[in-house]
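Below is one structure, written out as structure tokens, with a few remarks after it.
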Amino acid sequence: MTTVEPFTIRLAQPDDEPVIAGLVVEGFLDKFRPVFGGQMDQSMRIMEKWIRLEHASGGVTSLVVEAGAPTEIVASVGVRAAESREDILARGLWAALRRNLGFLGATWAAALLSYPRYSSIPTEAYVERLVVAPQYRNHGLGRSLLQAAETLARDAGKDTVGLHVSGVNIPALKLYEDEGYEEISRQRSILTGHFLKIRDWLYLRKAF
Ligand SMILES: CC(C)(COP(=O)(O)OP(=O)(O)OC[C@H]1O[C@@H](n2cnc3c(N)ncnc32)[C@H](O)[C@@H]1OP(=O)(O)O)[C@@H](O)C(=O)NCCC(=O)NCCS
């Protein structure tokens, strides 16, 4: 059985971006496979670029968990707690999609990746891409990371934490419910319902 004790949660450094991208692609494979088809190496490159953009221009800070022997990064989360330059993010994502997938592939990917939609709220931190490597799940890392993300949000002066979760993600829904998150609204998409098997995207919030 995989041992997770001791583990350390720390702020991500620029060098960690490729590892975080790998964890995210692996953790959200169900979502990314229909978007990128067989081109999973491209999805890694796009995700790495996206995470770099989020750190540079999206007001996002990532946390990582280090565990194991030898020590490796086994979990990560992004917290958007500062001002985000949506124009730079959108242009950068489109450029990365276009470079790796061509125009038609990029258009298709952009349509599927446009869900869930979130309009940032100044008093709220937004938690995204919480992921634990498959062999390290069910050891409390996801919960610890979520709590660390909330601490980061509180320290940044935010009043609430918001996040999206798909209606079919039972482990994540259970974790968020346990941690006191409540459903605020939901978006429904026929497009993602058909191609990703995700019809409902729930917007959850926790107030401090
Ligand atoms: C969701 C995820 C981050 C949970 O991480 P984890 O480290 O396995 O979770 P924890 O061990 O901290 O479990 C915390 C709680 O989550 C819930 N949970 C976790 N795995 C579960 C499962 N397979 N089924 C039901 N509930 C589960 C339980 O409430 C659990 O509390 P408990 O152990 O007291 O019952 C992990 O499953 C993951 O990386 N999934 C893929 C990516 C993803 O979907 N991220 C969420 C995006 S919104």
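Return the lysines within reach of K31: Cα separation strictly under 17 angstrom, same-chain partners fewer than 8 residues apart disregarded; answer none if there are no such residues.
Answer for K31, where 17 Å is the Cα cut-off: K197, listed by chain and number.
Evaluate the distance, in nm, between pseudo-label points positioned 7 Å from the Cα of L191 and of E5 along their respective Cα→Cβ axes.
4.8 nm
Of T61, T192, T151, which is the most mobile in a GNM of the chain whose springs link Cα atoms less than 10 angstrom apart?
Taking springs between Cα atoms under 10 Å, the residue moving most is T151.
When the label point is put 7 Å from the Cα of A110 along its Cα-to-beta-carbon vector, which residues of the range 27-71 have a backbone N closer than 17 Å?
Only 35-36, 46-47, 50 fall inside the zone, counting backbone N under 17 Å.
If you restrict to DSSP beta bridges whose two residues both lie in the chain, what percentage is antiparallel, to the nearest 5?
Taking every DSSP beta bridge within the chain, about 90 percent pair in antiparallel fashion.
Sorted from largest down, give the three principal axis spans of the alpha carbons of the range 34-100, whole angstrom values.
Largest first, the range 34-100 extends 39, 35, 17 Å along its Cα principal axes.
Could you check the simple spin-label distance between E66 and R98, using points 7 Å along Cα→Cβ, in nm with one decimal?
3.9 nm
Across the chain, where is the longest run that never hits trypsin sites (Lys or Arg not before Pro) in a DSSP loop with at most 15 other C-beta atoms within 10 Å?
Of all site-free stretches, the longest is 1-84.
Taking 8 Å as the Cα distance limit and 6 or more residues as the minimum spacing, I'd like the relative contact order of the chain as a percentage.
20 percent
Could you give me the radius of gyration and the Dmax of the range 98-208, taking only the C-alpha atoms into account and expressing both in angstrom?
15.6, 44
Please get the size of the charge dipole for the chain, origin at its Cα centre, with Cβ charges of +1 on Lys and Arg and -1 on Asp and Glu, quoted in debye to the nearest 20.
740 debye
Hey, what number do you get for the chain at 222 nm if only DSSP H runs of n ≥ 4 count, each worth -39500 (n - 2.57), divided across all residues, to the nearest 500?
Mean residue ellipticity, 222 nm, calculated: -14500 deg cm²/dmol.
Pull out the extension gain between E26 and L175, defined as 0.36 nm times the separation in residues minus the alpha carbon to alpha carbon distance; nm, one decimal.
Fully extending the segment from E26 to L175 adds 51.7 nm.
Counting residues in the chain as N, plug N into 2.2 N^0.38 Å and put the Cα Rg over that result.
0.98
Work out how much length E83 to Y118 would gain on full extension: take 0.36 nm times their residue separation and subtract the Cα-Cα distance, in nm to one decimal.
11.2 nm
How about K158: which aspartates and glutamates have a C-alpha closer than 12 Å to its C-alpha, ignoring those fewer than 8 places off in the same chain?
Filter leaves E124, E150.
No lab work stands behind these numbers, since they all come straight from the coordinates. Owing to the predicted nature of the structure, the values given are computational and were not obtained by experimental measurement. Backbone-built Cβ (ideal geometry, glycine too); neighbour counts: all protein chains shown.
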